[in-house]
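Undergrad: Pasting in a structure now, in structure tokens, and then I'll have a few things to ask.
The values are calculated or read from the model by the stated rules, or taken from the named source; none is laboratory data. Keep in mind the model is a prediction, meaning the values are calculated, not measured. Methodologically, a virtual Cβ is constructed for each residue, glycine included, from the backbone with ideal geometry; neighbour enumeration extends over all protein chains shown.
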Amino acid sequence: MPCVKVDDLSSDQLLMQRRKLFLEFSARTDLRAVRIAVLGGSTTSSLVEVLEVLLLALGFRPVFYESEYGRFYEEAVHDPETLIAFKPEIIYVHTSCLNVPRLHAGTTEDDAAAHFQRQADRFRAIWDSLESKVGAQIIQNNFELPPYALFGNMDASAVSGQTRHLMRLNEFLAQEANRRSSLLIQDVHSLSSHLGLANWFDWDRYYSYKIQVRPQATVALARSLAAIVGAIYGKTRKVLVLDLDNTLWGGVIGDDGVENIKIGRETPMGEAYTGFQEYCMALRERGVLLAVCSKNSEEIARSGFYHPSSVLKLDHFSCFKANWFPKHQNIEEIAKELNLGLDSLVFVDDNPAERAIVAAQLPSVAVPNVGTEVSQFAAILDAARYFEPAGVSREDIQRASLYTANSQRSQQQSQFATYDEFLDSLNMTAEIEPFKQVYLERIAQLTNKSNQYNLTTRRYTLAELQALAASQEYICLYGILRDTFGDNGLISVLVGHQEERTLWIDLWLMSCRVLKRDMEHAMLDALVHHAQTRRLTVIRGVYLPTKKNAMVADHYERLGFIRIAAPFDAVEGATYWSLVLDGYFKRNRHIKTNTAQLDLDGVLQHV
């Protein structure tokens, strides 16, 4: 793995070192190929160069197609053949305020409304064409404000004001993104606001080369876009691991005591720590897990959260490690307890020595250089885009409570003589159905995040999943599990394609938080039911080993499949399995399901 972390590089450093970084990152052997088409309203070559380096650093090997300058509309709507032949997984429509015709002085409200409608119809035509003819995930940026406010302060309110018009278009884009699952918005409006328009537009380069923005803005665009691509394929971090003393409060709890730590609204320092706690709490409400990693005695460490001004309370943390062991060891334990990879964690500590040790010992963990000024912590984390979502599902919002409920289940397990009795005590019910539009976003998240309980580790974009769900050649099932302690959410996905009388399983995954709960048996029962409905006689599956999915090496064997010979073109190390459906008996014993046509003896009926 490359030793350089691009998150730690400034814009200037990234631009100066991009060729060296390209060679270093591209030498990796574990890169995932991704095909990206860039349809530009300006020259995009500089942006693509930086984006390529950032995607390589994220673990992708991108292959790009770039439209001719300014032909984003034509290549999407009127001349899409080259784009179709390229077969992109992601299409980035990169436009700017310079691609939006300006309203002229004297425009009436009716004229302005008609002008807006023409622009809205133009973008709808682009997205409709890309959805129907190409079928890739679309990323469309919204608009920065115009470089000149020709009506001064009234540019935001005047009928002819370009600021007013662009803000209206931005709202339109947001509404369309919420309506179209294939459309994601890159928030260029916020990016340009952070940098400032004076640092955004580059008129010398634009008039010479049609490159619209300054190098610093190019890097900001590329970082933002790389974060979206990473989120589409599950590269988003999931856990914020926090030190305590001088990180979540001012002072040392063991020396100062609860009453003297700096937190609350009474002093500037206390308010800064309160502000950071509020930021952490907001992340948790959005689905990011919080954990504590502190060198302290546990009782003393916990006492800090009893301070009346503490925003965060003990039950807001999914894992709590306070002891005198090295922090990198505790962070490893946090990952194990949460059943997540180290690459899901971000560690925040005001102590530069502790940050250096963790970064050296655990290179997969993100360790931002937050410095020692707590007032800057949130801004630094936000700029790094560690927790960038491609969507926010119900499961995301409920994630922290789901992990809390799992802890309660573990406590209850010890009260029963046998594991079967424990499973029955959970009163589990499962909803197992063909893919529904309302769940596709969550299904896409699972396919791109689940690595351990994943038989093939195939990745799918939202657009690809929509196509599979609509195809008569595929059986696509999701599984939702509920029990006494609550709703675990959508936690399992099965995708198989039909070849004559055989169903081949392309994808079988499950969230690790429901391990050993009988859900894989319930999913198989449902799959057999749907296969028999189509008069299929055999189900076949393949296990493709990776560095992370060894836990499912015997998955098919445990479910009663028989190992068969691998085909001549088999992937090295892969194993192939077959299950004859004649005489199939129900496997699931502990979960009530909605799967139809199960007789009283537990034998699936033949159709």
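Undergrad: Please identify the pairs in which a residue from region 462-474 that is outside the structural domain of Val134 (by TED's automatic domain parsing) has its Cβ atom under 7 Å from the Cβ atom of a residue that is assigned to a helix (DSSP H, G or I) and β-branched (Val, Ile, Thr), counting only partners at least 6 apart or on another chain.
TA: Leu465/Ile443
Undergrad: Oh, and also: Working carefully through the options Ala177, Ala222, Ala158, find the one that is out of contact with any strand residue (DSSP E or B) (no Cβ under 6 Å at 6 or more places or on another chain) and part of a helix (DSSP H, G or I).
TA: Within the list Ala177, Ala222, Ala158, the selection yields Ala222.
Undergrad: Within region 1-48, which residues are surrounded by 15 or more Cβ atoms within 10 Å (Cβ to Cβ), in contact (Cβ under 8 Å) with a residue 60 or more places away in the chain and in a helix (DSSP H, G or I)?
TA: Asp7, Ser11, Leu14, Leu15, Ser46, Leu47
Undergrad: Still on this structure, please answer the following. Does region 105-122 include one or more residues that are crowded, with 20+ Cβ neighbours inside 10 Å, hydrophobic (A, V, I, L, M, F, W, C), touching a residue at least 40 places away in the same chain (Cβ under 8 Å) and within 28 Å of Glu388 (Cα to Cα)?
TA: no
Undergrad: If you go through region 241-252, how many residues are in contact (Cβ under 8 Å) with a residue 12 or more places away in the chain and either surrounded by fewer than 23 Cβ atoms within 10 Å (Cβ to Cβ) or assigned to a loop (DSSP other than H, G, I, E, B) (or both)?
TA: Total meeting the criteria: 8.
Undergrad: Among Ala136, Ala220, which is on the phi < 0 side of the Ramachandran plot, among the small types (Gly, Ala, Ser) and modelled with pLDDT under 95?
TA: Ala136
Undergrad: So, in region 289-338, of the ones that are basic (Lys, Arg) and in contact with a Ser or Thr (Cβ under 9 Å, 6 or more places away or on another chain), which residue ends up nearest to Ile263 (Cα to Cα)?
TA: Here the residue is Lys321.
Undergrad: Taking the condition at pLDDT 85 or above, of a type in the set (S, T, N, Q), under 22 Å from the mean Cα position of the chain (by Cα) and closer than 23 Å to Arg284 by Cβ, does Ser401 pass?
TA: For Ser401, the condition - at pLDDT 85 or above, of a type in the set (S, T, N, Q), under 22 Å from the mean Cα position of the chain (by Cα) and closer than 23 Å to Arg284 by Cβ - is not met.
Undergrad: Let me ask you something else. Within region 210-219, which residues are surrounded by fewer than 23 Cβ atoms within 10 Å (Cβ to Cβ) and either of a type in the set (A, V, I, L, M, F, W, C) or without any contact (Cβ under 8 Å) to a residue 40 or more places away in the chain (or both)?
TA: Residues satisfying the conditions are Ile211, Arg214.
Undergrad: Considering each residue of region 430-446, count those that are of a type in the set (S, T, N, Q) and either without any contact (Cβ under 8 Å) to a residue 12 or more places away in the chain or touching an Asp or Glu at 6+ places or on another chain (Cβ under 9 Å) (or both), and give that number.
TA: Final tally of qualifying residues: 1.
Table: residues versus (1) among the polar types (S, T, N, Q); (2) under 18 Å from Leu183 (Cβ atoms).
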{"position": "Thr95", "(1), (2)": "yes, yes"}
{"position": "Arg102", "(1), (2)": "no, no"}
{"position": "Gln117", "(1), (2)": "yes, no"}
{"position": "Asp121", "(1), (2)": "no, yes"}
{"position": "Arg124", "(1), (2)": "no, yes"}
{"position": "Leu130", "(1), (2)": "no, yes"}
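Undergrad: Of the numbered conditions (1) at pLDDT 85 or above; (2) surrounded by fewer than 19 Cβ atoms within 10 Å (Cβ to Cβ), Lys586 fails exactly one; give the number of that condition.
TA: Of (1) at pLDDT 85 or above; (2) surrounded by fewer than 19 Cβ atoms within 10 Å (Cβ to Cβ), only one is false for Lys586: (2).
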